[in-house]
Amino acid sequence: MANINITVNGKSVSKDVEDNTLLVDFLREDLRLTGTHVGCDTSQCGACVVHVDGKAVKSCTTLAASLDGAVVTTVEGVANGELHPMQTAFNDNHGLQCGFCTPGMIMSGIDMVNRYKADGRELTADAIRHELEGNICRCTGYHNIVKSIQDAAAKM
Amino acid sequence: MYSTKYHNPASIDAATAALSSGEEAKVLAGGQTLLPTMKQHLAEPSDLVDIRGIAGMADISANGATLTIGAAATHASVADNADVQSLCPALAGLAAHIGDPAVRHMGTIGGSMANNDPAADYPAAALAMNATIVTNSREIAADDFFDGLFATNLEDGEIITAIRFETGAKCGYAKFPNPASRYAMVGVFVAQTGGGVRVAVTGAGDDGVFRHAGLEAALSADWSEGAVAGVDISPGGLLSDFHGDSAYRANLIGVMAKRAVAAS
Amino acid sequence: MSTKIGDRVKRSEDKRFITGAGKYTDDIRQENQAYAAFVRSPYAHANVKGIDASAAEAMDGVIAVLNGAQLTGDGIGNIICGWAVSSKDGSPMNMGAWSALATEKVRYVGDAVAVVIAETDALARLGAEAVEVDYEELPTVVKADKALAEGAPQIHENAPGNQIFDWEIGDQAATDAALATAAHITEVDITNNRLSPNPMEPRAAIATYDAAEEHYTLYTTSQNPHVARLVLSAFYNVAPEHKLRVIAPDVGGGFGAKIYIYPEEITCLWASMKTNRSVKWTSDRSEAFMTDAHGRDHITNARMGFDADGKIVGFKVDTIANVGAYMSLFSSAVPTYLYGTLMSGQYDMPAIHCNVRTAYTNTVPVDAYRGAGRPEATYLIETMMERAAREMAMDPAELRRRNFIQSFPHQTPVILAYDAGDFPKILQMAQESADVAGFATRKAEAASRGMLRGLGYSTFIEACGLAPSAAAGSLGAGVGLWESAEVRMNPVGTIEVLTGSHSHGQGHETTFAQIVADRFDIPIENVKIVHGDTDKVQFGMGTYGSRSAPVGMSAVVKAMDKVEAKIKKIVAHVLEADEADLVIEGGAVSVAGTDKQMLWHEIGLAAYMAHNLPEGMEPGLKETAFFDPVNFSFPSGAFICEVEVDPETGTTEIVQFTSADDFGTIINPMIVEGQVHGGVAQGIGQALLEQVIYDDDGQLLTGSYMDYTMPRADDLPFFTIDHHATPSPNNPLGVKGCGEAGAIGAPPAVINAITDAIGAEGLAMPATPMNVWRAIQAAKSSIAAE
């Protein structure tokens, strides 16, 4: 058991966690933030992507105990009074159907736009497709997900 | 996941102490392979010793043509590092294509080297460039480091602290990913080093990463895509599975070698 | 602002999903919740000699270990197949018993023999590992043709030689006679690869037993909660229907895999009663690969005969279908009535004969997966057509044109009567959109880069809108396939629609509201769609077979007809007008040519206040309707795929994918296009990437995303989509259904394109880089040998 102090979606949290607790279980079961999903057990589907210290990580492959002092943002925490442009873009462009992969897509989408903007690189459709290697969607054929991220990138 | 004890040492000494404290203690360097293995109950370490909190462990530095990459440097940090990009763009490009962005934010070079997955990318670079694996107790040449599938010459309690690459001449890496896992089905790293041309192949060998003598001879004589075409690449000793049998992998070694030279 | 049919209305359900506020089954936590983990067979075929649960029972946190003998002892019934298909000799199908927890024998890797209920998920899993099962291994068979071969291991006692039925459709004598006269015969031997549906949300269930009320509640990942309740009640004897509530909350994709009632849901319900705890089970992905019903898995030999003008004279098909270890709910219908009936495609075929044998194997059950039977038929017909065109040195589009059905209705030789379509038109649209005229130039340019460019067609038809109940019943269906709806207008004028259709990604909360907003000219925000809860919705048959629009929406329209009739009576009475003069417009019902009107909320209030209703009229304003279609609907499409193959690695890139679809009336083009995108992606997945592989011992080699290739963003292009509507005459909206088209039509277009690119016949799905490279090598060596 470890005591961790972390910031989740802007709020300080101090909790005891088992040493083998994964971040995704900590979020879903301890904090009841169930927007972060689990869609596989081999770290490939990306339904669990959250941001740790501003970077996208797979919360199913991260130990909660290793995050003492970290800042975690989940899909529940990206809207700031109004929806994040990435969230709006997914609605505007029909970037989701069943919605299960969507939180991970949104978190990966925000992360990639932030990185490309920071580097001054152009986030082309091909680049988006490459960046989505770790996010699997079974519903949309990715067409409208790529469009959503392109749209959001222009507005972020 | 079975229960385990998590350690977060601030120093190498504390880390080695923690490693020796448990019966089946393992180093946690990023966990992108280890944690999924644990989730599937295929590994049951008694202790996890996280080395990411040790000062300097994630540093990347350049000294002339020598690149030293801390064991806890993530794939993303290697890919984005200006020194890596300028001294060895092939290495930066390799790091930029390991796993996916989220995995690259957590996975580390030390973890990849110590795990020595036969389909991992870094072992190809390390072997082709004859990198030096620096541990808490010694320095090991890549030639002596890899020891078959998921095996290295690391001793119990030994911790990789950094990988040192001598850069300088041309390098290139080309990977053909497994369509499902996106790990390398064949990855070929070609390098002109002080010790001559070296070609390392990952993803394909049934004993892990290996050097290809035929390609090295051909590229020593003529560093060109055309030189690769004449090399006979045997399927002997290559992995076979439903994604790629040994004949197909042998073909891919030739194609990836050619593309690696083109990219160099 | 008013919303009309045909508008690109953004989805109202999105907000909860994009903010992480969706409520999927695993997001729900019940009071007093325990967790289930299943003890699963590591062997594909074995006798169960004994189960020792003592070590597990002794573990801290383990509440109970329950087995199949207890389950059957409590009267829980065997799992059923819902469609009786007889052999051609009239004998009934040979259905083996399937218990939710296996008792004497296990028949596939993953077959559950016991369940551990524990305080946490982790403890349940540890408990399951601690249960010791004494297995006596038996020989296994995993391929359908081998299962039917002499000497194959016997899987079910009452299915001799593992054959479930030997079924036929069409006229064998006429077809043989026609083929005997053919100027040209094309013959193919093809395999339709086995797939795993892989909705991103794994299956899950939470069962709660209320001992005082003797009542069960089940939250589960279902495409059809009422069907689940019906089957759980009538066949599995869990509880009578009025003591069982099934709720399918937000469901993360289905694609067929969530139609069925699986052993886990049954077991959780029963275990909740045994332990007096809420029992939760959530599949992980590995378990999903092992236990979710798979799709496809056919082996087929077929011959198609043509006259000297390239007109089809006869089509003869012989198929062996793998059903897996047990007969799942629709497993008998998929390779028969959803497959053999489609053999005419878009073509005027005078004679067809299709024979299908189904076999048990030591693999997980095979059932409907997006398209279900129709992709198998389409893949066969459309690769056959293109091969025939090559053999006869004809343009593949021209061969199709010569054979297109031109007038409707059209009776095929295999039961179906097509109602509407314009096949030449959609092919022409697709050809123009795909710039087929410019293909030769693009091919030459690709060749200059060392790449092989190819173009392939698929022109296909589906039978959707499942299904006319009486017709389905005459063919063996165990249920009616109508749909129901209730339209409730509230006193304040808002409207709730209760539908038996279930949305797990299809966007019903938007499209169903759209048809109401269109009809009554009220703001779409004032309409709410309610679905997925047997305590709220009157009844329903659920969502599959592209039936929600043609059947589910039609029921809503019928209910709206009744509501509108009553509204008009009320308004005519209050305004002292003639019903015939009333106009519904702008949120009011007005008397034409006057300024007299009643606003929508005034009508609602009038109906519920009941102070001034026509003589004898009941108060209130809600109506229920059941819609039973008179025919299937027949969406059709023309797909053109253009690929570039890298001959060095065998890698295929889809450079352009064009569709021209006829879905009849389109309610919301944005959503329809999304359905096409997703369907095409799954079709491309089948063609290029996906394949379930069992080894000869029945071990699953593709048990995770490490080995089963899911289509990813960089495997796919942007899609080009066109529509042309010939409305269905058989439902009030003229809709046909769009959910399955992409998965049905895409695979042959992709394979035809690659075959065109590499110039080698016989390429099998999935056309992985290795398979394509091998085909190129084989073609090279056969040329060298000549």
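Only the coordinates and a few stated rules stand behind these numbers; no lab work does. Note that the structure is a prediction, hence the values are computed from the model and not measured. We place every Cβ from the backbone using ideal geometry, glycine too, and count neighbours over all the protein chains shown.
See the values below:
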read-out	value
Per-bin percent of Cα-Cα distances, the protein assembly as shown [10 Å]	2, 9, 17, 22, 21, 16, 8, 3, 1, 0, 0
FRET efficiency, 1/(1 + (r/R0)^6) with R0 51 Å, evaluated for C:SER91 and A:ALA154 via beta carbons	0.20
Alpha-carbon gyration tensor eigenvalues x 5, square-rooted, for the range B:171-263, Å	21, 13, 12
Within the range C:28-56: backbone nitrogen closer than 19 Å to the C:ALA69 label point (7 Å, Cα to C-beta)	C:39-41, C:46-56
Size descriptor, Kirkwood hydrodynamic radius, that averages inverse alpha-carbon separations across the range C:3-42, Å	14.4
Contour excess over end-to-end distance, with Cα ends at B:GLU23 and B:LEU42 and 0.36 nm allotted per residue	5.2 nm
Net length gained if the chain between C:ALA447 and C:ILE185 were fully extended (0.36 nm per residue, minus Cα distance)	91.1 nm
Stretchable slack from C:LEU599 to C:SER474, in nm (0.36 nm times residue separation minus alpha-carbon distance)	40.2 nm
Compactness of the range C:454-548 - radius of gyration and Dmax, Cα, Å	16.7, 61
The range C:602-723: C-alpha pair distances exceeding 27 Å, %	52
Using alpha-carbon coordinates, inclination of helix A:143-155 to the longest axis of chain A, degrees	80
Chain A, helix-only ellipticity at 222 nm - DSSP H runs n ≥ 4, -39,500 (n - 2.57), divided by all residues, nearest 500	-9000 deg cm²/dmol
Cα-based Kirkwood hydrodynamic radius, the range C:1-156, one decimal, Å	19.5
Order of C:HIS242, C:HIS184, C:HIS410 under a 10 Å beta carbon neighbour criterion, fewest first	C:HIS242, C:HIS184, C:HIS410
Positive-end residue of C:VAL551, C:ALA577, C:ALA625, charge dipole of the range C:482-627 with Cβ unit charges	C:VAL551
Estimated 222 nm signal from helices in chain C, with DSSP H stretches of n ≥ 4 weighted -39500 (n - 2.57), rounded to 500	-8500 deg cm²/dmol
In the range B:103-165, the trypsin sites (Lys or Arg not before Pro) that fall in loop regions by DSSP, at most 14 other Cβ within 10 Å	B:ARG138
DSSP H segments from chain C that extend 30 Å or more along their own axis, Cα-based, with Kyte-Doolittle mean of 0.0 or above	C:554-575
Subset of A:LYS58/C:LYS528; C:LYS23/C:LYS280; C:LYS243/C:LYS736; C:LYS425/C:LYS562; A:LYS117/C:LYS23 violating a 26 Å alpha-carbon distance limit	A:LYS58/C:LYS528; C:LYS243/C:LYS736; C:LYS425/C:LYS562; A:LYS117/C:LYS23
Size of chain B as Cα extents on the principal axes (Å, biggest first)	54, 45, 31
Alpha-carbon centroids, the range A:101-156 and the range A:22-53: separation in whole Å	19
Estimated FRET transfer efficiency (C:ALA174, C:GLU241; beta-carbon r; R0 41 Å; 0.05)	0.30
Total charge dipole magnitude, chain C, about the Cα centre, Cβ charges on Lys, Arg, Asp, Glu only, Debye to nearest 20	480
Amide N of the range C:234-253 lying under 19 Å from the label point, which is placed 7 angstrom from the Cα of C:ASN78 along Cα→Cβ	C:234-238
Positive dipole terminus of chain C, leading residue within C:ALA588, C:ALA757, C:GLN223 (C-beta point charges)	C:ALA588
Order of A:LYS58, C:LYS280, B:LYS5, C:LYS536 - criterion: other Cβ atoms within 10 Å of each residue's Cβ, fewest first	C:LYS536, B:LYS5, C:LYS280, A:LYS58
Dipole magnitude (debye, nearest 20) for the range C:500-603, charges at Cβ of Lys, Arg, Asp, Glu	460
Cα-centred dipole magnitude for the protein assembly as shown, charges only on beta-carbon of K, R (+1) and D, E (-1), debye, nearest 20	1500
Alpha-carbon centroids, the range C:525-566 and the range C:287-327: separation in whole Å	35
Sequence of C:LYS569, A:LYS155 once ranked by neighbouring C-beta atoms within 10 Å, starting from the fewest	A:LYS155, C:LYS569
Gyration tensor (Cα) of the range B:5-50, equivalent ellipsoid semi-axes in angstrom	19, 11, 6
Cα-projected label distance for C:GLN699 with C:ASN47, points at 7 Å along beta-carbon direction, nm	2.4
Space enclosed by the convex hull of the alpha-carbon atoms of chain C, per residue, Å³	179
Amide N of the range C:213-254 lying under 11 Å from the label point, which is placed 7 angstrom from the Cα of C:ASN32 along Cα→Cβ	C:213
Estimated FRET transfer efficiency when R0 is 45 angstrom, pair A:ARG121-B:ALA221 (beta carbons, to 0.05)	0.70
Å³ per residue enclosed by the Cα convex hull of the range C:262-403	127
Estimated inter-spin distance, C:GLU761 and C:GLU132, nm [label 7 Å along Cα→Cβ]	5.9
Per residue Cα convex hull volume in Å³ - calculated over chain A	104
Spherically averaged projected area of the range C:351-405 from its Cα convex hull (nm²)	5.8
